[in-house]
Amino acid sequence: MKLLRSTFIAFCLTPGALAFTATTNCLSKTNAAAPAKFTTQLQMSSISVKSPSGEGIPDEDQILKEKLFRQVLQEKNVVMDFLDFITEESIKATYGIASAAEEEEETGAESFAEVLAEKAAEAGSSGDNIGLFGGGDADSSSTSMEDIKETRYQPNLRSDLGSTVLVSGTADASLLKVLNNNLFGQDNINNFQFTKIKALVENVALAKKTAISREARYSGLLDKLSIEPSSGALPAAAELEGASSWIAQISSTDAPTLLPQVAELAKNSNDLKHVIVLVTGVTSNAVEGWDALEAASGGNFQCTLVAVGELFTDAKEGGLYHVGKLADATDANLASSGGMSSNEVYQLLGHALALESTSNQALTAYSYSQAAIEAVASPYAEGEFTARDEDGNEIVDEMKEVKMYGRLLQGLREIGFTRTAELDVLVEKGLEGFQEFMANPPKREDTFTLAKASRDEQDEKIMAILDAEIAKTEAEKKAEEEAIKKGEIEVIAQQWAIKEYSLRSIGGDVDPSVTEIDFIKSVWDQALVEAENTYDYINSAEYKKQQEKTAKDAIGSENKLFWNGMDPLLRKKREKMVEKVKKQYMDLLSEEELEAIILSE
């Protein structure tokens, strides 16, 4: 696998690209399933770094963006390590492969590294290149889908889904496509072997219009699909006969009444083994009636609740959304999400039926707000990037968990996890699993350590390039500042020499034959010393403080005869004028009239 992990930076630093890009569900041993092509910050910096003025020297904002990018990349690396680890663990669990530590205790077990070494030998004997995860290169003639799947995350799938699935309350095309399990260019779900998909709806004509399309015809969906009128909000017991899986959609207002009825129907069915209920319009982290359904399931059937807010048909897909346990959701998140794409929800619903991790779980799904999406583009507010208030106290990063979740979701899609595997990670591991991994990184002794080492080597090269680029730009900026300082000092030196020439000429200290230019040349070294002292003074904090005080004292000075901080020459001039006027008009004018006369001069 040869994916460049820094692809994530384009998401972080490109305006208008804050929404995540949906990927296909097919991952080859190289990067056949990589997301859309991005231009990374590294690629941009390797060409040249330009300032807004086009002078080739980045300003402070650009340097800060570069630092932010590096930090986000480092945070993303932790996500990639986590996904590598859980992928390795899932492969071990699926194929019964022992780790190096386990092998010490159970000598008969074949280690994970040994299994991939055998695959490498097989690929090498056929002349194939060895990919990152032990697979061959992108040569389709020597690569099978089974080989690819053995090196990917293996979600734990449900068993006994049966051959018939019943859908009530909706006949959404996105859900039917998933259940049909024959999407072009995407992986099939191994435990979806439905030969009949039965949909019960209120408006059969409308449902057929939206569900039946050219794609449905060519994919074989029409051979399985049966759309029939519903007898009510829920199917009758007779309509459930023969169905081993049932997906129902109800509203939150009807949930307290209908969920207990769903429980009774499922409990009394001889065929039903799996029930998925989508509840729409949910605004809190509890759905009344779910307890009844969960209690009725027992050992009779598996049930799953998916609670969502408002569904939007025109919402953008592939955005930043949250999937997790309903009880862990906050009312603020549910209220601020503003709904979710119906396509995303129905796809999630279909994939939830496939997974064992969603069994007997009350889940929620919601889109993050625009503010949360924008926050994901920045690093965690920790260390160098800690935010502080006016008193210097640290401000807690309230968006940290959202950022972590965003990193996790983007990592899943960048690597190319299937949507089923993506949902399994979000439900089975979730943010808690990722945080636990960060707090206690496990010891790695298998082949994924090699993958991490290879990736770290690439990252070190990236960081070295960035360090060199930043050092270069800072050196160029410093050189430019020194050149500007030198020019300003020379201007001050020339002014000092001209003034000194005038004063000395008036005082008779300069021979009349000496020209101004000759005098400047003769005192130039002294002029530079005086100018540098003046430059340091006018750029000092003391001078700036004095200027601020003078400016403050001068406020309203246009109506004052004298004020603090006024120019000494001006003060002396006005004092003489006051003295002269007083002598002339002492007996005729008041103090106010005298002041008005002087101000008018």
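The values are calculated or read from the model by the stated rules, or taken from the named source; none is laboratory data. The shown structure was predicted, so the numbers you read here are calculated from the model rather than taken from an experiment. Positions of Cβ are backbone-derived with ideal geometry, glycine not excepted, and every protein chain shown enters the neighbour counts. The area values use the complete protein model at the heavy-atom level, side chains included, leaving out ligands, DNA and RNA. Shrake-Rupley method; radii C 1.70, N 1.55, O 1.52, S 1.80 Å.
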* Remind me, relative contact order of the stretch 304-433 in percent, using alpha carbon pairs under 8 angstrom and six or more residues apart? -> 31
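Could you rank the peptides 86-93, 524-531, 382-389 by their average count of other C-beta atoms within 10 Å per residue, with the highest value first?
Working: 86-93: 18.9, 524-531: 16.2, 382-389: 10.5.
The most tightly packed comes first, giving 86-93, 524-531, 382-389.
Report the charge-dipole magnitude of the stretch 164-309 in Debye, nearest 20, computed about the Cα centre from +1 at each Lys and Arg Cβ and -1 at each Asp and Glu Cβ.
Values: 10 positive and 14 negative charges, 116 e Å.
Magnitude of the dipole: close to 560 debye.
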* To do: Using DSSP to define loop residues, name the GluC sites (Glu not before Pro) in the stretch 205-277 whose beta-carbon has at most 15 other beta-carbon atoms within 10 Å.
  => E241
* To do: Show me 222-230, 152-160, 361-369 ranked by packing, highest mean number of other Cβ atoms within 10 Å first.
  => 361-369, 152-160, 222-230
* Structure fact -> For T94 and E310, extending 7 Å from Cα along the Cα-Cβ vector and measuring point to point gives, in nm, a value of 4.0
* To do: State in Å² the accessible area per residue of the stretch 242-324; use a 1.4 Å probe, count heavy atoms of protein chains only, and round to the nearest integer.
  => 40
* Asked: Looking at the stretch 325-435, what % of the alpha carbon pairs are farther apart than 25 Å?
  -> 27
* Structure fact -> Rounded to one decimal in nm, the spacing of the 7 Å Cα→Cβ label points at Y218 and A205 is 2.9
* For Y535, tell me the accessible area in Å² from a 1.4 Å probe, rounded to the nearest 10. => 40
* the stretch 285-427, accessible surface, carbon-and-sulfur percent (1.4 angstrom probe) -> 44
* Asked: Assuming R0 = 56 Å, what is the FRET efficiency of S513 and Q584, from their Cβ-Cβ distance, to the nearest 0.05?
  -> 0.70
* Going from most exposed to least, what order do L570, L423, L64 have by accessible area with a 1.4 Å probe? -> L64, L570, L423
* Starting from the Cα of N360, step 7 Å along the direction of its Cβ; do the same at K477; then give the gap between the two resulting points in nm. => 5.9
